[in-house]
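J.: Here it is, the structure, as structure tokens.
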Amino acid sequence: MARTPAELVGTRTGPSFEITFGDRTVPARPGQSVAAALWAAGILAWRTTRTTGRPRGAFCGIGQCYDCLATINGQPNRRACLVPAHPGDAVVTQEGHGHASLG
Ligand code: FES
């Protein structure tokens, strides 16, 4: 019988929880990054480029490309591929450079 990835590495996973992406509820698991949770829910793009408005989501997945920037719990410019998801996290599409409120 095939073992799951969690069984292969000997980890124990906790119960799933929920985060939100805008108005949408997204399931997440302990240890999962925000980007992984969004991907698992079929959300592949969560911001647009500043000048041309092209869609962006996770690209490198290791914190190098900055394509995955999102506003998480009110903080802009968070790299979703590096931020562990926590119950109740609120993720929204980042507008522009993320600091429009500064003027
Ligand atoms: S996907 Fe490249 S920095 Fe997050």
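J.: Considering only residues of segment 62-74 that are near the ligand (Cβ under 9 Å from one of its atoms) and open to solvent by less than 40 Å² (accessible area, probe 1.4 Å), which is farthest from residue 94 (Cα to Cα)?
T.: 63
J.: I'm trying to understand the selection: among the residues of segment 46-60, which are within 13 Å of the ligand (Cβ to nearest atom) and open to solvent by 40 Å² or more (accessible area, probe 1.4 Å)?
T.: Of everything in segment 46-60, those that are within 13 Å of the ligand (Cβ to nearest atom) and open to solvent by 40 Å² or more (accessible area, probe 1.4 Å) turn out to be 56, 59, 60.
J.: Next question, about the same structure. Here is a list: 51, 25. Which entry is more than 16 Å from residue 85 (Cα to Cα) and polar (S, T, N, Q)? So that I can check it myself, show each step before the final result.
T.: Working: 25 fails: more than 16 Å from residue 85 (Cα to Cα).
Only one candidate qualifies: 51.
J.: Among the residues of segment 19-64, write down those that are at positive phi and in contact with a strand residue (DSSP E or B) (Cβ under 7 Å, 6 or more places away or on another chain). Step through it out loud before you land on a result.
T.: First pass over segment 19-64, keeping only residues at positive phi: 22, 31, 42, 53, 61, 63.
Correct list: 22, 31, 63.
J.: What about residue 6, is it free of Cβ contacts under 8 Å to residues at least 60 places away in the same chain and surrounded by 15 or more Cβ atoms within 10 Å (Cβ to Cβ)? Give the steps one after another, and end with the answer.
T.: Details: free of Cβ contacts under 8 Å to residues at least 60 places away in the same chain: yes; surrounded by 15 or more Cβ atoms within 10 Å (Cβ to Cβ): no.
No, not satisfied.
J.: On the given criteria, is residue 5 away from the ligand (no atom under 16 Å from the Cβ) and under 21 Å from residue 90 (Cα atoms)? Outline the logic, then answer.
T.: Details: away from the ligand (no atom under 16 Å from the Cβ): yes; under 21 Å from residue 90 (Cα atoms): no.
When the stated conditions are applied, residue 5 does not pass them.
J.: Here's something else I'd like to know. So in segment 85-103, with the set limited to residues that are of a type in the set (S, T, N, Q) and modelled with pLDDT of 70 or more, which one is surrounded by the fewest Cβ atoms within 10 Å (Cβ to Cβ)?
T.: Just the residues of segment 85-103 that are of a type in the set (S, T, N, Q), to begin with: 93-94, 101.
From what's left, modelled with pLDDT of 70 or more: 93-94.
Numbers: 93: 12, 94: 23.
Among those residues, the one meeting the criterion is 93.
J.: Against the condition closer than 18 Å to residue 62 by Cβ and open to solvent by 70 Å² or more (accessible area, probe 1.4 Å), how does residue 38 come out, does it pass?
T.: On the way: closer than 18 Å to residue 62 by Cβ: yes; open to solvent by 70 Å² or more (accessible area, probe 1.4 Å): no.
Taking the combined requirement at face value, the residue does not satisfy it.
J.: Identify, please: which residue in segment 16-44 is part of a loop (DSSP other than H, G, I, E, B) and under 10 Å from the mean Cα position of the chain (by Cα) and is, among those, nearest to residue 91 (Cα to Cα)?
T.: Keep residues of segment 16-44 that are part of a loop (DSSP other than H, G, I, E, B), which gives 16, 22-23, 29-32, 41-44.
Next, only the ones that are under 10 Å from the mean Cα position of the chain (by Cα) stay: 32, 43-44.
Details: 32: 14, 43: 12, 44: 13 Å.
My answer is 43.
The values are calculated or read from the model by the stated rules, or taken from the named source; none is laboratory data. These numbers come from a predicted model, not from an experiment. Cβ atoms come from the backbone with ideal geometry, glycine included; neighbour counts cover every protein chain shown. Just so you know, the surface numbers come from the protein's heavy atoms only, side chains and all, with ligands and any DNA or RNA stripped out. Shrake-Rupley method; radii C 1.70, N 1.55, O 1.52, S 1.80 Å.
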